[in-house]
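Everything on this sheet refers to the single structure shown next.
The values are calculated or read from the model by the stated rules, or taken from the named source; none is laboratory data. If you're wondering where the values come from, they're calculated on a predicted model, not measured in any experiment. No Cβ is skipped: glycine too gets one built from the backbone with ideal geometry, and neighbour counts run over all protein chains shown. Heads up: the accessible areas ignore ligands, DNA and RNA and are worked out on the full protein's heavy atoms, side chains in. Shrake-Rupley method; radii C 1.70, N 1.55, O 1.52, S 1.80 Å.
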Amino acid sequence: MAERRAAGKAAAEPNFLQFNDLACEAVGGKVIFASDEWFAPAANLLKKEPPQFIVSAFTEYGKWMDGWETRRKRIPGHDWCLIQLGVPGLIYGFDVDTSFFTGNHAPHVSIQAGCLDKPPAFTLEGDRTGMAASDSQLAAVAKLASKAWPELVCVSQLKPGYSDCCHNFFKVNFNHRVTHLRINIYPDGGIARLRVYGVGQRDWSSVSAQQDVDLLALTSGGVCLGYSDAHFGHPRNMIGLGRAVNMADGWETARRLDRPKHLKVDKQGILQVPGWEWAVFRLGHPGVINSIEVDTNHFKGNYPDSCRIEACSLTPEKEVQCIRTKWTSEKWHVLLPPQKLHPHHRHLYSEAQLMLSRPVSHIRFIISPDGGVSRLRLWGRPTSITSDPANQQRSVSKL
């Protein structure tokens, strides 16, 4: 149960892994119901940290596991849980991670989705290890009629939690907003983590045209569509909630190998190097940017020397073309000219420092030569989505 096989040749990862995890506890996701949590509570499914295994760890109920694990079922039915997404939106894929569950993983899974006008009044609190749903909890959850919710993943086999097969990926084609998920395991067993990859959807009708909004934020529907390098941390981390908790909660690249042996700077103190790294984002809503924040929080010996931001306005069709060409075909316009960066610092840039005053839909964030940034905020006012074809609401492009 504890040992993991040596990793074999890795299969190609699905493109939806570039999107945001809408269910992670770090963005407010939570488990609001679970039929059984005997060995390990369902809340573990939404931890941001990768699962771990501790050989000597036991509880009074059995082996401690870093995931959700139910008892061996001896009554009719199967186990299931309900998850409230931290960020409601469109879902494009799942990673059902069975890491370390090698003789006790759930053999099969299915996933259903609901869109509720109001969150249910009930939730789960405290350590649920050794517990099962009470009669009152079962009665309350029955009112949601979650058995009838649309199915995003039909009953599918799960592989055990060895290192070369623990990630069970499921691509989804469901063009409706989702607020809640029902995870069914058949009939019992364990799952380490659930990652729900998608794009947030905000109700823009409630946002005033005069209100400044972070148009790039995860909660606004911002999404990363491409990048040059993500060796230590994915660019999507930069649009997460709040300030980063540590370096892992940001975008960090490897050190570029084309760095000169002896470094020189220009009159602004900016390093003169031949290479840079980049990440492209689509804003959650097209708009006019009037202020920018670049936060290098926690990056003290590995922050970039400088950054700049470019922008453009794309139709959905043009976006698809750019993705196919890996963003080499688009003409970008300077939004923020090169800026010297500092370690562990919140850099703020006002409207006077920006070079574009027209609406944009996409940005390219460039760091030189390499390094890490924890957060990127683009504050602005959303433009009318009917004012220009490029500003129409769009579905997520197929990467």
Task: Amide hydrogen neighbours beyond the local backbone of A40, cut-off 5 Å, H modeled - done: E69, G130
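Could you tell me what percent of the accessible area of the stretch 57-168 is made up of carbon and sulfur, with a 1.4 Å probe and every protein chain present?
The nonpolar share, carbon plus sulfur, comes to 54 percent.
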- [ ] Would you mind putting 176-183, 332-339 in packing order, based on average other-beta-carbon counts within 10 Å, highest first?
- [x] 176-183, 332-339
TODO: Return one whole number: the accessible area per residue of the stretch 242-283 in Å², for a 1.4 Å probe.
DONE: 65
Task: For the stretch 131-231: accessible area per residue (Å², 1.4 Å) - done: 46
TODO: Give the relative contact order (percent, whole number) for the stretch 80-157; include only Cα pairs under 8 Å separated by 6+ residues.
DONE: 51
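Only Cα pairs under 8 Å and at least 6 apart count here; give the relative contact order of the chain as a rounded whole percent. Numbers along the way, then the final one.
Details: 1039 pairs, mean separation 74.6, N = 399.
Averaging sequence separation for qualifying contacts and normalising by length gives 19 percent for the chain.
Which value in deg cm²/dmol, rounded to the nearest 500, describes the helix-derived mean residue ellipticity at 222 nm for the chain, given -39,500 (n - 2.57) per DSSP H run of n ≥ 4 and division by the residue count?
Numbers: 2 runs with 17 residues, N = 399.
Mean residue ellipticity at 222 nm (helix-derived): -1000 deg cm²/dmol.
Using the Cα gyration tensor of the stretch 12-151, with a ≥ b ≥ c the square roots of its eigenvalues, what is the shape: rounded (a/c below 1.5), prolate (a/b larger than b/c) or oblate (neither)? Present the calculation step by step, with values, prior to reporting the outcome.
Details: a/c = 1.59, a/b = 1.09, b/c = 1.46.
It comes out oblate by the Cα gyration axes.
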Task: Nearest-20 debye value, the chain charge dipole, Cβ charges on Lys, Arg, Asp, Glu - done: 640
Open item on the list: Ignoring ligands, DNA and RNA, please state the percent of accessible area on the stretch 243-340 from carbon and sulfur, probe 1.4 Å.
Closed with: 53
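Rounded, prolate or oblate: which fits the stretch 187-301 when a ≥ b ≥ c are the square roots of the eigenvalues of the alpha-carbon gyration tensor, with rounded for a/c under 1.5 and prolate only if a/b beats b/c? Before the final figure, lay out each step's value.
Working: a/c = 2.47, a/b = 1.31, b/c = 1.89.
Here the stretch 187-301 falls in the oblate category.
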Open item on the list: On a full-extension model of 0.36 nm per residue, what is the gain between T123 and K264, subtracting their alpha-carbon distance, rounded to one decimal in nm?
Closed with: 45.0 nm
